[in-house]
Amino acid sequence: MIKAQRGTKDIFGEESFLWQHILSNAQTVFQNAGFGEIKTPIFEATELFARGVGDSTDIVNKEMYTFSIGGADKSASSITLRPENTAGVVRAYIEHNISRQSPPQKFWYFGPMFRYERPQAGRQRQFNQVGVEMFGVEKASADAEVILSAVEFLKSLGLDNLSVELNSLGCKKCKNDYRENIKKVLAPYIADMCDDCKMRYEKNPLRILDCKNEDCQKILEKDEIKEIILKDYICEDCKTHFDELIEYLDELNIKYSINKLLVRGLDYYNRTVFEIKSEKLGSQSAVCGGGRYDGLVEMLGGPSTPAIGFAMGVERLCALIDNLEAPKLDYFIVSNNTKEAIKLASKLRNENKKVEFDYQSRKFAKQLEKASKSAKYAIILGEDEIEKGFYSVKNLENGEQKTISNFDDLI
Ligand code: HAM
């Protein structure tokens, strides 16, 4: 038997109702807040992610599904299944000159992403993200709008008890100073850290702060290192920006905590970064991750454009929401005349009713049993009903039965 690939999942039955619910809430909440939908391709040039997400990140180094296509007669090109969607949205933003429209330009998306990670609860190789990206506004009002949209969306799904973790990574200049200080204080210990951290030390020392390796964690707990990590290092402008965001969040009654170890696993971030977590998710606790990426559009060849966004893992959302019951049918047609039954089903479906009938003319008792499990009403279409042109309708919740003389009354 051929099985699904490790780290992938089939979605059907009750879970598919949950998915539809999540998608329809995303559409409502994000579109109410002025985000338009964007769908970008599932594969892109490998270079987009190498440059956009950053070649010192785990995603680019270890987790990409990359293929070489083209043979001797074509120049081979390297494509990658998207591991995330911010780089693709930025590519589309530049390619279609969207910056020419008056800012802000706001997008939301929903779709599959691919990362070759070790599968475990909450971590898949094909997973789905729902997210937003907002371009053109440097002010903290944009950060507040994006975080508010995440919180409102979670609230619409009944998840109103999650706390937002926040940090500011500062701008290029303060990030550089911080990076140098971290390198200096870690220099005597780097030989004892894991191989990944040795590489990060050279390429992206801030990523050492969220290394999960126990030996590295112990080193990070040392007082002289903690002191540097926890120091306020961001410049006055970045501090004002962060303080303004906090004023907005207080005004909006959004719960948050500041986590100075929050650095995020992608290279494009500056200033605000945030995650929304739930203990219910175990070790993969982040349901949402996002932040500002003011340099990315320019870095990928577009005009200098401030931007901020987030993405949530749909499978992790599903794990947090109690399963929804499949919505019941409006009618189940109980009949031994399948031709009349299918005709009536079609007429009712054209009136936007959910209808099923029995395809095999089974005994009425069997059909009624099926009806009471799946529908609100049974329409009984026996010989008498067909001959005289009326309907017997049974309310399957209270057992009441009525005779209805024509189709309009039935509706
Ligand atoms: P990320 O933190 O890599 O950020 O992913 C966002 C969310 O996707 C995570 O919080 C998690 O819920 C879900 N996720 C990530 N990897 C997996 C996986 N292997 N299995 C299941 N769920 C997963 C980004 O992707 C950024 N593009 C977010 C962003 C948008 N920043 C700015 N704009």
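The values are calculated or read from the model by the stated rules, or taken from the named source; none is laboratory data. What you are looking at is a predicted structure, and each value in this text was computed from that prediction instead of being measured. Cβ atoms come from the backbone with ideal geometry, glycine included; neighbour counts cover every protein chain shown. Please note that ligands, DNA and RNA were not included when accessible areas were found on the heavy atoms of the full protein model with its side chains. Shrake-Rupley method; radii C 1.70, N 1.55, O 1.52, S 1.80 Å.
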When Lys and Arg each count +1 and Asp and Glu each count -1, what net charge do the other residues less than 12 Å away from Glu138, Cβ to Cβ, add up to? -1
3J(HN,Hα) from dihedral phi, segment 199-214, Karplus parametrisation 6.51/-1.76/1.60, rounded to Hz, x for glycine, proline: 5, 4, 4, 7, 9, 7, x, 4, 5, 4, 4, 10, 5, 8, 4, 4
Any idea how far apart Gln126 and Thr8 come out in nm if each label point goes 7 Å out from Cα toward Cβ? 0.4
Accessible area of segment 43-195 belonging to carbon and sulfur atoms, whole % at 1.4 Å probe: 49
Report, in whole Å, the centroid distance computed from the Cα atoms of segment 139-154 and segment 188-247. 26
Residues other than Asn253 with Cβ under 15 Å of its Cβ, Lys/Arg counted +1 and Asp/Glu -1, net out at -3
For His96, His241, His21, the accessible-area ranking with a 1.4 Å probe, largest leading, is His96, His21, His241
On a 1.4 Å probe surface of the protein chains, which of Ser361, Ser149 comes out largest in accessible area, and what is the full order? Ser361, Ser149
According to the square roots a ≥ b ≥ c of the eigenvalues of the Cα gyration tensor, what is the shape class of segment 232-285, taking rounded for a/c under 1.5, prolate for a/b larger than b/c otherwise, and oblate for the remainder? oblate
With every protein chain kept in place and a 1.4 Å probe, the residues Lys402, Lys212 fall, from largest accessible area down, as Lys212, Lys402
Could you tell me which GluC sites (Glu not before Pro) in segment 312-411 are loop residues by DSSP with no more than 10 other beta carbons within 10 angstrom of their beta carbon? Glu325, Glu397, Glu400
About the Cα centre, charge dipole magnitude for the chain (Lys/Arg +1, Asp/Glu -1 at Cβ), debye: 1040
Rounded to the nearest 500, what is the chain's calculated 222 nm mean residue ellipticity when only DSSP H runs of at least 4 contribute -39500 (n - 2.57) each, over all residues? -11000 deg cm²/dmol
With a sphere of radius 14 Å drawn around the Cβ of Lys376, what net charge do the other residues whose Cβ falls strictly inside it have (Lys, Arg +1; Asp, Glu -1)? +2
Do any of Lys277/Lys373; Lys343/Lys376; Lys3/Lys366; Lys203/Lys255 go past 26 Å between their Cα atoms, and which? Lys277/Lys373; Lys3/Lys366; Lys203/Lys255
Which of Lys9/Lys139; Lys9/Lys328; Lys198/Lys260 have a Cα-Cα distance over 32 Å? Lys9/Lys139
Angle between the chain longest axis and helix 172-186 axis [Cα atoms, degrees, rounded to 10]: 70
Can you give me the % of accessible surface on segment 329-410 that is carbon or sulfur? Probe 1.4 Å, all protein chains present, nothing else counted. 44
Could you tell me whether segment 329-410 comes out rounded, prolate or oblate from its Cα gyration tensor? Rule is a ≥ b ≥ c as square roots of the eigenvalues, rounded for a/c under 1.5, then prolate if a/b exceeds b/c, otherwise oblate. rounded
Going by a ≥ b ≥ c, the root eigenvalues of the Cα gyration tensor, does the chain fall in the rounded group (a/c under 1.5), the prolate group (a/b larger than b/c) or the oblate group? prolate
Please compute the per residue accessible area over segment 329-410 with all protein chains in place, 1.4 Å probe, rounded to a whole number of Å². 63
Label-point separation, Asn352 to Asn259 (7 Å along Cα→Cβ), nm: 4.3
Between Ile42 and Phe17, what is the spin-label point distance in nm, taking each point 7 Å from the Cα along the Cα→C-beta axis? 2.7
Quick one: how many Å² of Asp160 are accessible to a 1.4 Å probe, rounded to 10? 100
